[in-house]
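Colleague: Dropping a structure here in structure tokens format, bear with me for questions.
The values are calculated or read from the model by the stated rules, or taken from the named source; none is laboratory data. Computed from a predicted structure; not experimentally measured. Quick reminder, even Gly has a Cβ in these numbers, built from the backbone with ideal geometry, and neighbours come from all protein chains shown.
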């Protein structure tokens, strides 16, 4: 084994170089470190079961071939001990020079932790009681060129574990167990549905018309038809067409794609199961859900029938018995401490929203206001499985209206531990009603709602042929896996969760290329330029530059700002950006806090006097230079307007990228705070900000594309940027908390 006393990246690179040298030495000696075939006749777990009664110190004549990855290697004179790990567990190899011979012992000297080998030999139990295989033959199956990390378990940088899932699976057996259980759960779901008479079908992944849910789609271009298509956001409408065609029970397990943010329970690419049953209704979907979840609890979690209880993130969840059904209005009533419903005056519902810190739009009716009270205050209180029913029609465009109150729909959401796991309807099958609701969606789209559905002429035509009454339901499979595997985040149950692109340097690429090859190969520079992630972040590894000088004191910068700006709002906005930039400088560039602060303070110096988007910051540069400011200060400020003036420098440094992102987003945050009863950012949840961002009609002057680009510039997911800048606004309060009222402003 190579000496691993060094630490950090340099030690890793030294170790890689040594392993590459051993690889080449094997090749030079005529040993193929990556042979074509191997033979496995036994696995670790099976050997442990078969030889559980083998006494200590006893050999057998049973010869087996095992294969796996070397997890530990210890040499002791003419013996060596290898811990070999396969898919089922670990087995010890008790290697002796007399058994292996000169050739095998020589190969053993070239092995490293992480190598994958094949070992053939007799089964025995050592005098210390360790079941082992004593190999007479070793074959190297795959030479590991990169050393395994010493402490990947419990790594705080979970992004590294998600990005390098292959290492996560190697180092953490409990992670492998999660994905074994995921496979088991999906298989069980399929068997359960088929046993209940449902037929599995497949529907298109690309749709010409967006429909089946309210969500922002991914768009792709279909070259053969020369038009854009949408990656599907739901399977609902194709599946219900099948009910029209006479297929009475259908289901589909498949991927959906929604071009939205990522958080603990959302990923842009996710798995659902949708099921539709002709001649059924909402009660049928309740019974289906109860049976399915209880079956998983029994088979996967080991619960006894009638006692299906699990623990999720410290909360006991009792799934036994008949699950509670409760109207949405009742949950909202419990949350606000008084009875509310569709007959409650709109102004009172609006006042309840205000008192509870929920922003209410002017155009919202009683149904939407009631839903917001439930969604913001009530849903999180539900722990045991609960069918929340009777959703307002205003928030349920595809559900059938209730016969006794057409303002409500025959819909439920299954809520467990404050999260939605299923959404079900008594399906709308009136083609005239459906056409009208599609028309309403098109109207909403015309008003800027990019999540509204399109008008699906063919689906209405299908309904005109007649669709039987039906119940339909959609399950979030990933959330179900989280629940039954007790995992806190959706990324923990996705083998390859969506991640921001990794920055790869030319040096990274060069370290993987062969020193020479029989064929002409592109250079590391050419490969880096071609790579999507490229080497754009290579500058981040350069030595730190000396401290930056603004050329002005803070007092001089503030006086310059006030000389050219008389509107108090502009002064307040400048001070907000100064506070944010100082906040981020403390995190990213502590040596230049003062410089970052002045960049924020003077970034809009000339806006009040010119308000010319193309010339914005050009005049500011002249004013700053005349006052004694440095070219570095001018450049940093001018980068945030490069979108409107291509002659200005683009944001490159971390400081410039932060300014670009924080400028536009802080304006949206302040506009959202103004709508709150407190007028403050202090009590604003990230969820509320995300809703405001998605509503293009709110603070329309705040350019959402600029904010999205700001997230990209900072290598962040949009939701992460929204939450981070909101947290920064709270951290610098009362600076920037310009609309705060009463105690919130103190």
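Colleague: Being without any contact (Cβ under 8 Å) to a residue 40 or more places away in the chain, under 19 Å from residue 415 (Cβ atoms), surrounded by fewer than 16 Cβ atoms within 10 Å (Cβ to Cβ) and under 28 Å from the mean Cα position of the chain (by Cα) narrows it down to one of 380, 396, so name that one. Write out each step before concluding.
Modeller: Working: 396 fails: surrounded by fewer than 16 Cβ atoms within 10 Å (Cβ to Cβ).
That would be 380, the only listed residue that is without any contact (Cβ under 8 Å) to a residue 40 or more places away in the chain, under 19 Å from residue 415 (Cβ atoms), surrounded by fewer than 16 Cβ atoms within 10 Å (Cβ to Cβ) and under 28 Å from the mean Cα position of the chain (by Cα).
Colleague: Restricted to the stretch 115-145, and to residues that are in contact with a helix residue (DSSP H, G or I) (Cβ under 6 Å, 6 or more places away or on another chain) and outside any strand (DSSP E or B), which residue is farthest from residue 67 (Cα to Cα)?
Modeller: 145
Colleague: Sticking with this structure for a sec: Looking at residue 42, is it touching a strand residue (DSSP E or B) at 6+ places or on another chain (Cβ under 8 Å) and either outside any strand (DSSP E or B) or within 27 Å of residue 169 (Cα to Cα) (or both)? Spell out the reasoning first.
Modeller: Working: touching a strand residue (DSSP E or B) at 6+ places or on another chain (Cβ under 8 Å): yes; either outside any strand (DSSP E or B) or within 27 Å of residue 169 (Cα to Cα) (or both): yes.
The answer is yes for residue 42.
Colleague: Name the pairs: first residue in the stretch 540-557 and assigned by TED's automatic domain parsing to the domain that holds residue 595 and over 10 Å from residue 595 (Cα atoms), second residue modelled with pLDDT of 60 or more and part of a loop (DSSP other than H, G, I, E, B), Cβ to Cβ under 6 Å, at least 6 apart or on different chains?
Modeller: Pairs that qualify, where the first residue is assigned by TED's automatic domain parsing to the domain that holds residue 595 and over 10 Å from residue 595 (Cα atoms) and the partner is modelled with pLDDT of 60 or more and part of a loop (DSSP other than H, G, I, E, B): there are none.
Colleague: Output the number of residues of the stretch 647-689 satisfying the condition of being assigned to a helix (DSSP H, G or I), under 22 Å from residue 715 (Cβ atoms) and in contact with a helix residue (DSSP H, G or I) (Cβ under 6 Å, 6 or more places away or on another chain).
Modeller: 16
Residues checked against (1) exposed (fewer than 13 other Cβ atoms within 10 Å of the Cβ); (2) without any contact (Cβ under 8 Å) to a residue 24 or more places away in the chain; (3) more than 25 Å from residue 459 (Cα to Cα); (4) more than 29 Å from the chain's Cα centre (by Cα):
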| residue | (1), (2), (3), (4) |
| --- | --- |
| 232 | no, no, no, no |
| 241 | no, no, no, yes |
| 258 | no, no, no, no |
| 268 | no, no, yes, no |
| 284 | no, no, no, yes |
| 289 | no, no, yes, no |
| 301 | no, no, yes, no |
| 304 | yes, yes, yes, yes |
| 320 | no, no, yes, yes |
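Colleague: Here's something else I'd like to know. Tell me, which helices (runs of 4 or more DSSP H) lie completely within the stretch 479-571 with 3 or more residues that are at pLDDT 90 or above? Before the answer, list the steps.
Modeller: Numbers: elements: 506-510, 524-530, 554-564.
Helices (runs of 4 or more DSSP H) meeting the threshold: 554-564.
Colleague: Still on this structure, please answer the following. Please go through the stretch 281-329 and give me each residue that is closer than 30 Å to residue 369 by Cβ, in contact with a helix residue (DSSP H, G or I) (Cβ under 9 Å, 6 or more places away or on another chain) and not in a strand (DSSP E or B), ordered by number.
Modeller: 323, 328, 329
Colleague: Please enumerate the residues belonging to the stretch 696-711 that are in a loop (DSSP other than H, G, I, E, B) and either surrounded by fewer than 17 Cβ atoms within 10 Å (Cβ to Cβ) or at pLDDT 90 or above (or both). Steps first, answer last, please.
Modeller: Of the stretch 696-711, the ones in a loop (DSSP other than H, G, I, E, B) are 696-703.
Within the stretch 696-711, 696, 697, 700, 701, 702, 703 qualify.
Colleague: Quick check on the stretch 97-104. Is at least one of its residues in contact with a strand residue (DSSP E or B) (Cβ under 6 Å, 6 or more places away or on another chain), without any contact (Cβ under 8 Å) to a residue 60 or more places away in the chain and part of a helix (DSSP H, G or I)?
Modeller: From the stretch 97-104, those in contact with a strand residue (DSSP E or B) (Cβ under 6 Å, 6 or more places away or on another chain) are 99, 104; that's our starting set.
Those left that are additionally without any contact (Cβ under 8 Å) to a residue 60 or more places away in the chain: 99, 104.
In the following step, the residues that additionally are part of a helix (DSSP H, G or I) were identified as 99, 104.
Looking for residues that are in contact with a strand residue (DSSP E or B) (Cβ under 6 Å, 6 or more places away or on another chain), without any contact (Cβ under 8 Å) to a residue 60 or more places away in the chain and part of a helix (DSSP H, G or I), one finds at least one in the stretch 97-104, hence yes.
Colleague: Taking residue 402 and the conditions (1) surrounded by fewer than 19 Cβ atoms within 10 Å (Cβ to Cβ); (2) in the same structural domain as residue 210 (by TED's automatic domain parsing), which numbered condition does it fall short on, given that it satisfies the others?
Modeller: If we test residue 402 against (1) surrounded by fewer than 19 Cβ atoms within 10 Å (Cβ to Cβ); (2) in the same structural domain as residue 210 (by TED's automatic domain parsing), just (2) comes out false.
Colleague: Report the residue count in the stretch 408-426 for those that are surrounded by fewer than 23 Cβ atoms within 10 Å (Cβ to Cβ) and in contact with a helix residue (DSSP H, G or I) (Cβ under 6 Å, 6 or more places away or on another chain).
Modeller: Total satisfying the criteria: 3.
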